[in-house]
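Student: Can you keep this structure in mind? I'll have questions shortly.
The values are calculated or read from the model by the stated rules, or taken from the named source; none is laboratory data. From a predicted model like this one, the values you see are computed outputs, not experimental measurements. Cβ: placed from backbone, ideal geometry, glycine included. Neighbour counts: every protein chain shown. The area values use the complete protein model at the heavy-atom level, side chains included, leaving out ligands, DNA and RNA. Shrake-Rupley method; radii C 1.70, N 1.55, O 1.52, S 1.80 Å.
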Protein chains: 2
Amino acid sequence: MPSRSAVPDGKRPTLSDLAARAGVSVPLASMVMRGAKGPSAASRERVLQAAQEIGYRPDSRARLLRSSRSHLVGVQFDLRQPFHADMVEALYAAAGAAGYQIALSAVAASRSEQEAVETLLADRCEALILLSPHAPAARLAELAAQLPVVSVARRLRPLTDGVDVVRAADDEGARQAVDHLVALGHRDIVHIDGGRAPGAADRRRGYKSAMKHHGLTDRVRLVPGGLTEDHGAAAARTLLAEAARPTAVLAFNDHCAIGVLDTFLRARIPVPDEISVVGFDDSHLARLAHVQLTTVGQAAPQLARRAVSRAVARLEGGATDDEREVVVTPHLVIRSTTKTPCRS
Amino acid sequence: MPSRSAVPDGKRPTLSDLAARAGVSVPLASMVMRGAKGPSAASRERVLQAAQEIGYRPDSRARLLRSSRSHLVGVQFDLRQPFHADMVEALYAAAGAAGYQIALSAVAASRSEQEAVETLLADRCEALILLSPHAPAARLAELAAQLPVVSVARRLRPLTDGVDVVRAADDEGARQAVDHLVALGHRDIVHIDGGRAPGAADRRRGYKSAMKHHGLTDRVRLVPGGLTEDHGAAAARTLLAEAARPTAVLAFNDHCAIGVLDTFLRARIPVPDEISVVGFDDSHLARLAHVQLTTVGQAAPQLARRAVSRAVARLEGGATDDEREVVVTPHLVIRSTTKTPCRS
DNA sequence: CATTTGATTTATAACGTTGTAACGACGTTG
DNA sequence: CAACGTCGTTACAACGTTATAAATCAAATG
């Protein structure tokens, strides 16, 4: 059996092993490892050299334990939502830039938000970033009493005590989509909505007000939909069954839009020639070469940055209460599923 | 500003706060909290009561620091791969059942495997479970010298020292798919392969040998593909451009199969009436109501259980070297994209 | 009644790290 | 020459927990 480390007793090397090896004191070795100012260039050199040799790696748990600040932000995300994947990636970057680390805790069919949050708290996170949390507002408030909590993409009706909200301007996104379609010449624009999903109400509102703004109030038409391909497919079938079809569809999100596209495709209705389709989220689905969905981008990197900076502000005392809800402007990404209508 | 905790000084309650509140010593409180045997029912009751009152929550970092065993398994996964999401979910369950916790570290476009592993090591994980790692075998061996490493779904040609492998029997999966198609009456079955992706070689081999077994050696046909929808779409276009089309396609994975389906759909080729399509992975994509893809299931829960039990065996000394490669049998999930061919 | 037994409880010392304060050596200054 | 900073280094204590061993106590034994 091969030795598992460079130190005799087989355990993983500690600061004191490192200090011994470099011939310096433990605190000095510590200062070098954490890049504190103080140690001379010579000492620094020797310690780093020794660290290399014995394969020393700081123990983050001991670190966090010792320093009152843990510089750790807990992130709760849902494994089933591709948009969350984008957000997690962006959060790694945003947190890193702000000098924080993130701890992930996943939610899935077999793992509740409750469990996810429990483990984050046990890990001594200083703040929580929750991606579209479903927990009741009361529960969020309860958490916020313990530590800063940022809800991303989930709007909280009455601003809940201590809970910050970072979200995209869903209404503005829907408006942009409608503007784009109208500019192309569309008038019969249907919205397949997301029911009670977070953001759905705003998107609905944005759609309606944009239609009104263009003098198309009488063409407003909502079809019940949802978050998944299946919902989109069902809604599309509803539309197909009718005599007068719309010339454009604004779906609740990309998933839903894909379901719509697929159904149209099966029904031999060419997109965008016969009907234009717009999605929402700019998830990777929309970018696929054979999909090339026109969609409203939520700018995950921006949302992530704002969420982190919000949490950090709370932690470091720079929080101003007038920014309890941060709204990021989305932007339309025009690809190949929208086009001037052939009939009007 | 509301108080952030039930303890006066605003910090989060510790064991000694708890002990003080319950009127017992710190060690006793500790024993109660970790469910050790010893404390009397009365003490246990009082401590739990007090914990409830002050909202005490054990600090897992301090716990891990103190006890030499951390009971923490690090999991590296890729945010872009839906199959990994299934695996992570299953790993939570499997690790929990074995008395371990898992720490997640994600890989993405902007976060390398190197970074992911670094943080896991800094977190004092006792073992690493890597989901289809791309790191060179030498690097894995280096890691394995420090702690038990399990590679899931990535086969290592020469069994690398100390690295355990848990994977699905990709060749067997491909064989099942071919058997199914042949049983339906197909003979011209094409395989769109995954190039150099982990598992691709095995699937290719399984396909070929199954074809041979059915006396269809002369019908063997490989089309270069890949892991994404775009790869599948490209391969499908290649097939469409030809005079003699196959009656069935076995795609490298579900993503690839979706690309194939979509391309056929656009070309007005009915699936499964004209061509049958089989995927691989049984990811949630395959289960969508409007897709209903026949596919080869990798049994994430099983893979997860085996991976965890392998890691635990190494940690607890029950590792037997004859099980360094665990192969789980996949199973075919028949949905609606396969059917008896109309022409033969 | 002294004494052993067993069940509970507690004191003490770690785990690996970092913050604080103190230390020594050096050249500067009054 | 003494007092003074400055720089680099170190000793010590602490973070919140748990393992070990020692201490306490009631009950049971002789």
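Student: Out of everything in the stretch B:15-30 that is out of contact with any Pro (no Cβ under 9 Å at 6 or more places or on another chain) and assigned to a loop (DSSP other than H, G, I, E, B), what residue ends up being nearest to DNA strand C (Cβ to nearest atom)?
Tutor: So the residue we want is B:S25.
Student: Applying the selection to the stretch B:90-104, what residues are at the interface with another protein chain (Cβ under 8 Å from one of its Cβ atoms) and touching a His at 6+ places or on another chain (Cβ under 8 Å)?
Tutor: Across the stretch B:90-104, the qualifying residue is only B:Q101.
Student: Contact list please: Cβ distance under 8 Å, first residue in the stretch B:266-281 and of a type outside the set (K, R), second residue surrounded by fewer than 16 Cβ atoms within 10 Å (Cβ to Cβ) and assigned to a strand (DSSP E or B), pairs at least six apart or on different chains.
Tutor: Pairs that qualify, where the first residue is of a type outside the set (K, R) and the partner is surrounded by fewer than 16 Cβ atoms within 10 Å (Cβ to Cβ) and assigned to a strand (DSSP E or B): there are none.
Student: Follow-up. When you look at A:H71, is it surrounded by fewer than 20 Cβ atoms within 10 Å (Cβ to Cβ), touching a residue at least 40 places away in the same chain (Cβ under 8 Å) and away from DNA strand D (no atom under 12 Å from the Cβ), yes or no?
Tutor: Working: surrounded by fewer than 20 Cβ atoms within 10 Å (Cβ to Cβ): yes; touching a residue at least 40 places away in the same chain (Cβ under 8 Å): yes; away from DNA strand D (no atom under 12 Å from the Cβ): yes.
Yes, satisfied.
Here's the yes/no breakdown for (1) at pLDDT below 95; (2) outside the structural domain of B:G162 (by TED's automatic domain parsing); (3) touching a Lys or Arg at 6+ places or on another chain (Cβ under 9 Å); (4) not hydroxyl-bearing (S, T, Y):
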{"site": "B:Y92", "(1), (2), (3), (4)": "no, no, yes, no"}
{"site": "B:S112", "(1), (2), (3), (4)": "no, no, no, no"}
{"site": "B:T119", "(1), (2), (3), (4)": "yes, no, no, no"}
{"site": "B:A122", "(1), (2), (3), (4)": "yes, no, yes, yes"}
{"site": "B:E126", "(1), (2), (3), (4)": "yes, no, yes, yes"}
{"site": "B:H134", "(1), (2), (3), (4)": "yes, no, yes, yes"}
{"site": "B:A141", "(1), (2), (3), (4)": "yes, no, no, yes"}
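Student: Can you tell me how many residues in the stretch A:55-65 are touching a helix residue (DSSP H, G or I) at 6+ places or on another chain (Cβ under 6 Å) and more than 7 Å from every other protein chain (Cβ to nearest Cβ)? Reasoning before the result, please.
Tutor: Taking the stretch A:55-65 first, the residues touching a helix residue (DSSP H, G or I) at 6+ places or on another chain (Cβ under 6 Å) are A:56-58, A:60-62, A:64-65.
With more than 7 Å from every other protein chain (Cβ to nearest Cβ) added as a condition, the list becomes A:56.
Total meeting the criteria: 1.
Student: Can you work out which of the residues in the stretch A:105-116 that are touching a helix residue (DSSP H, G or I) at 6+ places or on another chain (Cβ under 7 Å) and either among the hydroxyl-bearing types (S, T, Y) or open to solvent by less than 20 Å² (accessible area, probe 1.4 Å) (or both) is nearest to the other protein chains (Cβ to nearest Cβ)?
Tutor: A:A108
Student: Going residue by residue through the stretch A:16-23, is there one that turns out to be more than 9 Å from DNA strand D (Cβ to nearest atom), open to solvent by less than 50 Å² (accessible area, probe 1.4 Å) and within 29 Å of B:A106 (Cβ to Cβ)?
Tutor: No, there is no match, as no residue in the stretch A:16-23 is more than 9 Å from DNA strand D (Cβ to nearest atom), open to solvent by less than 50 Å² (accessible area, probe 1.4 Å) and within 29 Å of B:A106 (Cβ to Cβ).
Student: Considering only the stretch A:285-334, how many residues are closer than 23 Å to B:I258 by Cα, at pLDDT 90 or above and surrounded by 18 or more Cβ atoms within 10 Å (Cβ to Cβ)?
Tutor: 3
Student: Which condition breaks for B:R237 when tested against (1) open to solvent by 60 Å² or more (accessible area, probe 1.4 Å); (2) modelled with pLDDT of 95 or more; (3) more than 14 Å from chain A (Cβ to nearest Cβ)?
Tutor: (3)
Matching residues to (1) crowded, with 22+ Cβ neighbours inside 10 Å; (2) in contact (Cβ under 8 Å) with a residue 12 or more places away in the chain; (3) farther than 22 Å from A:G297 by Cβ:
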residue	(1), (2), (3)
A:R187	no, yes, yes
A:P198	no, yes, no
A:A243	no, no, yes
A:D254	yes, yes, no
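Student: Something else: Would a scan of the stretch A:78-87 turn up a residue that is buried (at least 19 other Cβ atoms within 10 Å of the Cβ), under 36 Å from the mean Cα position of the chain (by Cα), assigned to a loop (DSSP other than H, G, I, E, B) and of a type in the set (A, V, I, L, M)?
Tutor: Checked against the condition, which is being buried (at least 19 other Cβ atoms within 10 Å of the Cβ), under 36 Å from the mean Cα position of the chain (by Cα), assigned to a loop (DSSP other than H, G, I, E, B) and of a type in the set (A, V, I, L, M), the stretch A:78-87 yields at least one hit.
Student: Anything in the stretch B:163-185 that is of a type in the set (A, V, I, L, M) and open to solvent by 40 Å² or more (accessible area, probe 1.4 Å)? List them, or say none. Can you show your working first?
Tutor: Taking the stretch B:163-185 first, the residues of a type in the set (A, V, I, L, M) are B:163, B:165-166, B:168-169, B:174, B:177-178, B:181-184.
Answer for the stretch B:163-185, where residues must be of a type in the set (A, V, I, L, M) and open to solvent by 40 Å² or more (accessible area, probe 1.4 Å): B:A183, B:L184.
Student: Next question, about the same structure. Considering only residues of the stretch B:52-62 that are within 15 Å of DNA strand C (Cβ to nearest atom) and in contact (Cβ under 8 Å) with a residue 12 or more places away in the chain, which is farthest from B:P148 (Cα to Cα)?
Tutor: If we filter the stretch B:52-62 for residues that are within 15 Å of DNA strand C (Cβ to nearest atom), which is where we start, we get B:58-62.
Narrowing the set further to residues that are in contact (Cβ under 8 Å) with a residue 12 or more places away in the chain leaves B:58-60.
Working: B:P58: 27, B:D59: 26, B:S60: 22 Å.
This residue is B:P58.
Student: Condition first: farther than 25 Å from A:R124 by Cα and either within 9 Å of DNA strand C (Cβ to nearest atom) or in a helix (DSSP H, G or I) (or both). Now tell me which residues in the stretch A:33-51 satisfy that.
Tutor: Of the stretch A:33-51, the ones farther than 25 Å from A:R124 by Cα are A:37-51.
A:G38, A:A41, A:A42, A:S43, A:R44, A:E45, A:R46, A:V47, A:L48, A:Q49, A:A50, A:A51 - these are the residues of the stretch A:33-51 that are farther than 25 Å from A:R124 by Cα and either within 9 Å of DNA strand C (Cβ to nearest atom) or in a helix (DSSP H, G or I) (or both).
Student: Something else: What are the residues in the stretch B:25-53 that are buried (at least 16 other Cβ atoms within 10 Å of the Cβ) and within 11 Å of DNA strand D (Cβ to nearest atom), if any?
Tutor: Hits for the stretch B:25-53 are B:L28, B:A29, B:S30, B:M31, B:V32, B:M33, B:A51.
Student: Within the stretch B:73-89, identify whether any single residue is away from every other protein chain (no Cβ under 11 Å), in contact with a Pro (Cβ under 8 Å, 6 or more places away or on another chain) and polar (S, T, N, Q), and answer yes or no.
Tutor: Within the stretch B:73-89 (the criterion being away from every other protein chain (no Cβ under 11 Å), in contact with a Pro (Cβ under 8 Å, 6 or more places away or on another chain) and polar (S, T, N, Q)), the answer is yes, since at least one residue qualifies.
Student: Shifting gears a bit: Could you run through the stretch B:298-323 and say how many residues are among the hydroxyl-bearing types (S, T, Y) and without any contact (Cβ under 8 Å) to a residue 60 or more places away in the chain? So that I can check it myself, show each step before the final result.
Tutor: Step one: of the stretch B:298-323, the residues among the hydroxyl-bearing types (S, T, Y) are B:309, B:320.
Within this subset, residues satisfying the condition of being without any contact (Cβ under 8 Å) to a residue 60 or more places away in the chain are B:320.
Number satisfying all stated conditions: 1.
Student: Determine whether A:R203 is touching a residue at least 40 places away in the same chain (Cβ under 8 Å), surrounded by 21 or more Cβ atoms within 10 Å (Cβ to Cβ) and of a type outside the set (S, T, N, Q). Break it down stepwise before answering.
Tutor: Values: touching a residue at least 40 places away in the same chain (Cβ under 8 Å): yes; surrounded by 21 or more Cβ atoms within 10 Å (Cβ to Cβ): yes; of a type outside the set (S, T, N, Q): yes.
Yes; evaluated as a whole, the condition is true for this residue.
Student: How many of the residues making up the stretch B:155-189 are over 24 Å from B:G317 (Cα atoms) and either modelled with pLDDT of 90 or more or within 14 Å of chain A (Cβ to nearest Cβ) (or both)? Break it down stepwise before answering.
Tutor: Just the residues of the stretch B:155-189 that are over 24 Å from B:G317 (Cα atoms), to begin with: B:157, B:168-189.
Checking the rest, the ones that are also either modelled with pLDDT of 90 or more or within 14 Å of chain A (Cβ to nearest Cβ) (or both) come to B:168-189.
Number of matching residues: 22.
Student: Which count do you get for residues in the stretch A:240-267 that are more than 14 Å from chain B (Cβ to nearest Cβ), within 19 Å of A:K339 (Cα to Cα) and of a type in the set (D, E)?
Tutor: 0
Student: Applying the selection to the stretch B:144-161, what residues are open to solvent by less than 20 Å² (accessible area, probe 1.4 Å) and in contact with a Pro (Cβ under 8 Å, 6 or more places away or on another chain)? Step through it out loud before you land on a result.
Tutor: Residues of the stretch B:144-161 that are open to solvent by less than 20 Å² (accessible area, probe 1.4 Å), as a first pass: B:144, B:147-152, B:156, B:160.
Within the stretch B:144-161, just B:S151 meets the criteria.
Student: Could you list, in sequence order, all residues of the stretch A:265-284 that are open to solvent by 10 Å² or more (accessible area, probe 1.4 Å) and not in a loop (DSSP other than H, G, I, E, B)?
Tutor: Residues satisfying the conditions are A:L265, A:R266, A:D281, A:H284.
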